[in-house]
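Please treat every number below as a calculation from the coordinates, not as lab data. Just so it is clear, the model here is predicted, and its values are computed rather than measured. Ideal geometry is used to build each Cβ from the backbone, glycine not excepted, and the neighbour counts take in all protein chains shown.
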């Protein structure tokens, strides 16, 4: 593979293919991941090329998928499991939280659990109930798990490589409404660390922090604000556990203002954690309180209302204005 | 694949004899595989012939006696405040030693938190089992050193790990097998049903060994199931068999047979060891509140150790010197366990941050450093005499 423009879904597909070619212990597991190639076709073609022994269509049982992946990892395999949609992860939540996250520590480090749990997440695709949620905070809250989310094709490719190579369990949130967004992927590049944040747009008046599907919204907001003479910096967090607070701190020390944007409900969300930590680290640099833009304390609404629920350009710009008004 | 339960077949009378044993009788309950009656008489079962030497029989007896002694010691240590909790296996020695001795070294075991006898068979030092009950760790042994996974407290979770591990064995082309232990209460858990489904679908070499000890804390089996547990396997497409869980020979024979089936690539088996938890669920429990004394007395008459002893004595397989020597060995074990527990050090406070991640985590590093500084601040105060003065 040479440098190509790929949609995010295809970048992940290429990444999985490379991982399987490189390491015979890498397995793909999940519902419909085989002949169908997954409901989003992220595993398209892998069944044909690697066979049912390595691309495993599973019974419709999420706890079973993660629980057996743990057993396979204990046997020396590196399973990459697909949870079909965000809202379906909860039957597996027990296995992820009580077993996958803790087994390494319980064995005093003698065993490793290199399991990647892929979860297409977030809204904006007009889906029915349980198909549009952002439960990342529930996983980031649990010690023993790492939680990441790429926002572009290159990161999707490289972060998946790194997640599979990690000896820790990684919850890999894929921004499903960005699956078809194209970006350049260089398979010869040297990727940065998996858990490092990246400044994707430089600015001097205010920092926007986002990850996954909201990075694009924040970049659009920054471009719109530029037309009004405001210089907005955008930081793509990339990793929700751990969080690269040093990068966020460095940005906020330069701009003096921070707005955190995510789709998940604001209450007890990633924004709360970032606001608290950055307030502690940057108290004397802040010109305004850290503001948050995100979902409401409400179930994810029916599709006809999701545009009201999801943070869009206007809500982000409104928060930017409020911050700058201090 | 046959889905017929081997246990459902009617036992046939056999004319075979072994040295020293009287004429064999058939088991009273046609559902229950039994090779040794509660009175200690050898009986035959057409599907589970077993022929053990006197030495092997004495070995099983020794395992059960020492396991019971270890368990009694741990219960006493809990009463003395040395352990925070203990889950006794009293009454389940035959189920655990019988199944445990059926295993090969390369097989893998996924236990609950009560498989002290199986751990014994795997060569895990029993004192290693006490760390989590004393509160110095959450497991504490290397599962790969004895192919004995950590104790699992969430009910039924380990049956899926066992299934996945068995799927891995099949992928490797190995002929090892896995045993997943669980209880009658766990059979109500979704994970156990999912493990049955996955193992059947992928034909995984796993033996599900359920110790039906009749009680899930205070809930009797009637609150868990409406059909005999072993029959559930049929609906998943693999055989189920009910074995007398207080009969170490039957447990050994049935588990061995199920493991051989798994090794031949014929998939999972559900073994229901019909037994009884003579003590409490754990030391926090009070069985007098929910079950009758008569019930326990009835089961005491089926004691797994007494029945093997009766057989060993009647058949002339063991003499008084053997039992005396074993008693002495048992005393030594008890002493070793007591001393080991009392000598078990509390972990260093910094251990809170150990082994959370294999590849490290920035937040853990940060909090470890904060905690270290906080701990160090006491040392500084103490050196200056401040803490000592305040302490007075």
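Here are the numbers for the structure shown:
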quantity: Choice from B:298, B:280, B:233 with maximal GNM fluctuation in chain B (Cα, 10 Å cutoff); calculated: B:298
quantity: Rounded tilt (10° steps) of B:362-383 against the dominant C-alpha axis of chain B; calculated: 60 degrees
quantity: Per-residue mean of C-beta atoms belonging to partner chains within 10 Å, peptide B:348-361; calculated: 5
quantity: Most mobile of B:76, B:177, B:258 in a GNM of chain B (Cα contacts under 10 Å); calculated: B:76
quantity: Rounded to 10°, Cα long-axis angle of helix A:313-324 versus longest principal axis of chain A; calculated: 50 degrees
quantity: Pairwise FRET efficiency - residue B:368 versus residue B:72, Cβ, R0 = 45 Å, nearest 0.05; calculated: 0.65
quantity: Angle between chain A longest axis and helix A:62-74 axis [Cα atoms, degrees, rounded to 10]; calculated: 70 degrees
quantity: DSSP beta bridges in chain B [antiparallel fraction, %, rounded to 5]; calculated: 10 percent
quantity: 10 Å Cβ neighbours from other chains, averaged over peptide B:183-191; calculated: 2
quantity: Residue-averaged [θ]222 nm for chain B, counting only DSSP H segments that reach four residues, each worth -39500 (n - 2.57); calculated: -13500 deg cm²/dmol
quantity: Estimated FRET transfer efficiency (residue A:322, residue A:57; beta-carbon r; R0 56 Å; 0.05); calculated: 0.70
quantity: Förster radius 25 Å - calculated FRET efficiency between residue A:182 and residue A:49, Cβ distance, rounded to 0.05; calculated: 0.60
quantity: Separation of the residue B:351 and residue A:231 label points, Cα + 7 Å toward Cβ, nm; calculated: 5.4 nm
quantity: Peptide A:110-120 - average C-beta neighbours from other chains (10 Å radius); calculated: 2
quantity: Separation between Cα centres of the range B:76-119 and the range A:287-316, rounded to whole Å; calculated: 53 Å
quantity: Residue exposure sequence - B:61, A:284 - by fewest surrounding Cβ within 10 Å; calculated: A:284, B:61
quantity: Virtual spin-label span in nm between residue B:282 and residue A:272, 7 Å along Cα→Cβ; calculated: 2.9 nm
quantity: Antiparallel bridge percentage (DSSP; both residues within the protein assembly as shown; nearest 5); calculated: 20 percent
quantity: For the range A:172-303, share of DSSP beta bridges that run antiparallel, in % to the nearest 5; calculated: 20 percent
quantity: Chain B: most fluctuating residue of B:171, B:256, B:289 per GNM, C-alpha cutoff 10 Å; calculated: B:289
